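S.K.: Can you keep this structure in mind? I'll have questions shortly.
The values are calculated or read from the model by the stated rules, or taken from the named source; none is laboratory data. In this text the structure is predicted, and so the values were computed from the model without any measurement. Using ideal geometry, Cβ is built from the backbone for each residue, glycine included, and neighbour counts are taken over all protein chains shown. Side chains included, ligands, DNA and RNA excluded: accessible areas come from the protein's heavy atoms. Shrake-Rupley method; radii C 1.70, N 1.55, O 1.52, S 1.80 Å.
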Amino acid sequence: MSDLKVNIIKHPLIQHKLTLMRKKETGAKDFRQLLDEISMLMAYEVTRDFPTKDIEIETPVAKCVAKTLAGKKVAVVPILRAGLGMVNGIINLIPAAKIGHIGLYRDEKTLEPVEYFCKMPKDIDERLLLVVDPMLATGGSAIEAVEMLKKRGAKSMIFMCLLSAPEGIKAFNERHPDIPVYTACVDDHLNEHGYIVPGIGDAGDRIFGTI
Ligand code: URA
């Protein structure tokens, strides 16, 4: 665990809401709402060190110098399908962000990830991409998604997930040492079916009620 390069966001509100999400009796409506809220809180932490600059403005009372964001514009990139569940919370906080989508599946014969959908803002080379997927399990999808975004010209990325397994973080760190990983919790391990333990189950199914 100590050799993993990962930022764990331990805010009590996030941890409380995550516990509610883990419970098997939590239904899709509450699960989605909690993921929305956690994604917003995580985005707040991830953006903590965004650069600002001073600008002159005029309030109804007086002229003054005030702060405005000065860094790259943001795009949120959910990995389909479960990543969609993290978009609204982030967009609530960064309403000017554009949204790109990336979809991958694993070829049953070659086991290679295959991209089936990718639609990005034209200027991804100039934006900071927040690549999101609730679960970093084996790391396969996240690794390939980031690889494909790099090939398309992305220069600046952060990967943000709700839950992660040590195996997934390690694999991601090895392939993309330049991309910071943010997560709300590193769980114990992956089981033989590739599920995070104790985890939350299948994130996509729980978000969309397809269990
Ligand atoms: N994907 C999920 O949705 N859940 C897991 O536990 C692992 C991967």
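S.K.: Once phi is turned into θ = phi - 60°, what whole-Hz ³J(HN,Hα) does the Karplus curve with 6.51, -1.76 and 1.60 give for every residue of segment 154-165, x standing for Gly and Pro?
M.R.: Here the 3J(HN,Hα) series is 4, 10, 9, 9, 10, 9, 10, 9, 6, 10, 9, 10 Hz.
S.K.: Within segment 132-211, what percent of beta bridges assigned by DSSP are antiparallel, to the nearest 5?
M.R.: Of those bridges, close to 20 percent are antiparallel.
S.K.: Near the amide H of SER156, under 5 Å away, which other amide H atoms are found, from residues 5 or more places off or on another chain, if H is placed in the peptide plane?
M.R.: LEU129
S.K.: What FRET efficiency do you get for ALA70 and GLN15 if R0 is 30 Å and r is their Cβ-Cβ distance, rounded to the nearest 0.05?
M.R.: Step by step, r from the Cβ atoms, then E = 0.40.
S.K.: Now for a different question. Taking only complete DSSP H runs, can you tell me which helices of the chain stretch 27 Å or more along their own long axis by Cα positions and average at least 0.0 on the Kyte-Doolittle scale?
M.R.: Correct list, ordered by number: empty.
S.K.: Please list the radius of gyration and Dmax for segment 84-166, considering alpha-carbon atoms only, with Å as the unit.
M.R.: Calculated on Cα positions, Rg and Dmax stand at 13.1, 42 Å.
S.K.: Relative to the present Cα-Cα distance, how much length would full extension add between GLU108 and TYR44 at 0.36 nm per residue of separation?
M.R.: Numbers: separation 64, 0.36 × 64 = 23.04 nm, distance 3.85 nm.
Stretched fully, the GLU108-TYR44 segment lengthens by 19.2 nm.
S.K.: Right, another one. Taking the chain as a Gaussian network, where each spring joins two C-alpha atoms under 10 Å apart, which residue of ASN88, ASN191, ASN173 fluctuates the most?
M.R.: ASN191
S.K.: Using a 1.4 angstrom probe and counting only protein chains, how large is the accessible area of ARG152 in Å², to 10?
M.R.: So the heavy atoms of ARG152 present about 110 Å² to solvent.
S.K.: Rounded to the nearest 10 Å², what accessible area does SER39 have for a 1.4 Å probe in the complete protein model?
M.R.: The value for SER39 is about 0 Å².
S.K.: Please list the equivalent ellipsoid semi-axes of the chain, computed as the square roots of five times the alpha-carbon gyration tensor eigenvalues, in descending order and whole angstrom.
M.R.: Its equivalent ellipsoid spans semi-axes of 30, 21, 16 Å.
S.K.: Still on this model: HN-Hα J couplings of segment 94-111 from phi, Karplus 6.51/-1.76/1.60, θ = phi - 60°, integer Hz, Gly and Pro as x?
M.R.: Computed from phi, the couplings for segment 94-111 are 10, x, 7, 5, 8, 10, x, 10, 9, x, 9, 9, 9, 5, 5, 7, 8, 6 Hz.
S.K.: Can you list the lysines whose alpha carbon sits under 22 Å from that of LYS17, skipping same-chain ones fewer than 8 residues off?
M.R.: LYS29
S.K.: Here is a follow-up. Please check which bits of segment 88-126 a label hung off ASP178 would reach, taking the label as a point 7 Å along Cα-to-C-beta and the cut-off as backbone N under 17 Å.
M.R.: 124-126
S.K.: Over the chain, what percent of the accessible surface lies on carbon and sulfur atoms, probe 1.4 Å?
M.R.: 53
S.K.: Springs between alpha-carbon atoms under 10 Å, Gaussian network over the chain: tell me which of ILE179, ILE124, ILE57 tops the mean-square fluctuations.
M.R.: ILE57
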